[in-house]
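Below is one structure, written out as structure tokens, with a few remarks after it.
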Amino acid sequence: MQSPKRVAILIDNMFEDSEFIYPYYRLLEAGMHVDIVGVKKSHYKGKHGTTAEATLAIGALKSSDYDAVFIPGGYAPDSLRTEPEIVSFVAALYKEEKLLCTVCHGPSLLISAGVLTGKRVTAYGSIKDDIKNSGAEYTGEAVEQDGNIITARDPKSLPEMMKRFLSLLEI
């Protein structure tokens with residue numbers, strides 16, 4: 001029997017609640033091993049009051065132990081992108097050709113990891129200029145996939161994005 005795929009969900013305060021909850025439970029439902037990861041092991045609070053506990057701190061992770069990362073949106077990616085260990089983890093996963101999946105404001109962390117140049121990307125419209133300035137093409141589509149990067153525009157795009165993400169993880 002094959003071991004379950006391992007996915008890290010990166011979290012910080014002010015994450016978009018639905019963009020954490022829906023993917024978290026869909027990944028568990030699909031039999032994935034899911035780690036909630038923060039800068040430190042702590043409780044984090046979403047924009048709308050949901051709390052989530054990071055069971056691992058970023059310093060405890062090795063990219064080689066994971067098959068994918070999921071980055072919820074909200075304001076959390078703006079603070080996560082200022083953390084060198086988080087940025088290095090995401091960049092290492094990309095280099096190892098692991099899946100990077102993010103929604104809404106999440107691509108801002110991918111920009112800081114330097115992995116979007118030449119890619120087709122979607123996100124919440126307010127970061128469109130940041131995406132273009134990173135050398136990526138902003139499409140505005142509900143869901144976009146370019147190689148090992150899957151991006152989604154907003155919470156309404158989660159069902160389509162998760163179907164694609166799960167189908168790639170289950171290969």
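The values are calculated or read from the model by the stated rules, or taken from the named source; none is laboratory data. What you see is a predicted model, and the numbers here were worked out from it, not measured in a lab. With ideal geometry, Cβ positions are generated from the backbone for all residues, glycine too; neighbour counts draw on all protein chains shown.
Below are the figures for this structure:
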read-out	value
From G49, G74, residue being buried (at least 17 other Cβ atoms within 10 Å of the Cβ) and not polar (S, T, N, Q)	G74
Pair list, Cβ under 6 Å, 6 or more apart: the stretch 30-58 residue among the acidic types (D, E), other residue modelled with pLDDT of 95 or more	D35/A8; D35/L56; E53/H43
Sole residue being β-branched (V, I, T), under 28 Å from D129 (Cβ atoms) and touching a Ser or Thr at 6+ places or on another chain (Cβ under 6 Å), chosen from I86, I111, I9	I111
Flag if I71 is in contact (Cβ under 8 Å) with a residue 40 or more places away in the chain and either on the phi < 0 side of the Ramachandran plot or not polar (S, T, N, Q) (or both)	yes
Strands (runs of 3 or more DSSP E) contained entirely in the stretch 86-171, each with at least 1 residues that are closer than 19 Å to F15 by Cα	99-103, 149-152
